[in-house]
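Trainee: Pasting in a structure now, in structure tokens, and then I'll have a few things to ask.
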Amino acid sequence: MRRIARLLAGTALVVAAAAPAWAGTGSLDLYPSSVVPGAQVSANTAACGDRGSAVGDASAVGAGTFTLAPSSHNGEAIGQFQVPESAQPGTYEIVAKCAVGKRQVTGDLVVALSAAHEQVQPRGSVKTGVGGGALGTDPVKTAAGVAALAVAAAGGTWLLHRRARGDGI
């Protein structure tokens, strides 16, 4: 009984290993997946095989058809299209059909009126409690801090000088 189970398990592993790497993939990846009207979009899929090409259809968003050509990047077919300036906000299904076979993959493209990830530039200084901002901009506090440092430096120098002479402390 164990022998038959091992034989069946081994056969299943061989069949799984012999299946093409693209057999399990079925998506159309869009970069970026969220855009503003007028943006350029890249479409990638590994569903058509190592040397497979595809025809993409972005007419749902008003961009028409585009070609996905084979590339050296992980056996993917890659293409690009531009979202028209007149595109309305919403989610659109983009379709790609493999040139060989009847395989079809889809991906969702989100069109928004403004960029979803605007970069925020930092302003001001970090309040760590150390450094130039520790005393603030008050000139009286700044002068008091400088005076305290001067007194400490002078006292330290005097103590070191007495010790070096052997006067004791």
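The values are calculated or read from the model by the stated rules, or taken from the named source; none is laboratory data. Bear in mind that the values here come from a model prediction, so they are computed numbers and not experimental data. Methodologically, a virtual Cβ is constructed for each residue, glycine included, from the backbone with ideal geometry; neighbour enumeration extends over all protein chains shown. Heads up: the accessible areas ignore ligands, DNA and RNA and are worked out on the full protein's heavy atoms, side chains in. Shrake-Rupley method; radii C 1.70, N 1.55, O 1.52, S 1.80 Å.
Trainee: Look through segment 5-40, keep the residues that are in a strand (DSSP E or B) and at pLDDT 90 or above, and return whichever of them is surrounded by the fewest Cβ atoms within 10 Å (Cβ to Cβ). If you could, list the steps in order and put the result at the bottom.
Mentor: Residues of segment 5-40 in a strand (DSSP E or B): 27, 29-31, 34-35, 40.
Then keep just the ones that are at pLDDT 90 or above; that gives 29-31, 34-35, 40.
Details: ASP29: 15, LEU30: 22, TYR31: 13, SER34: 15, VAL35: 21, GLN40: 11.
Only one residue fits best here, namely GLN40.
Trainee: State all residues of segment 41-76 that are at pLDDT below 90, charged (D, E, K, R) and surrounded by 13 or more Cβ atoms within 10 Å (Cβ to Cβ); if no residue qualifies, say none.
Mentor: ASP50, GLU76, listed by residue number.
Trainee: Considering only segment 41-67, state which residues are part of a strand (DSSP E or B), more than 21 Å from GLY90 (Cα to Cα) and either of a type in the set (Ser, Thr, Tyr) or in contact with a helix residue (DSSP H, G or I) (Cβ under 8 Å, 6 or more places away or on another chain) (or both).
Mentor: THR45, THR67
Trainee: Can I ask one more? Pick from segment 94-143 the residues that are touching a Ser or Thr at 6+ places or on another chain (Cβ under 6 Å) and modelled with pLDDT under 80: which of them is most open to solvent (accessible area, probe 1.4 Å)?
Mentor: So, considering only residues that are touching a Ser or Thr at 6+ places or on another chain (Cβ under 6 Å) and modelled with pLDDT under 80, the one most open to solvent (accessible area, probe 1.4 Å) is LEU135.
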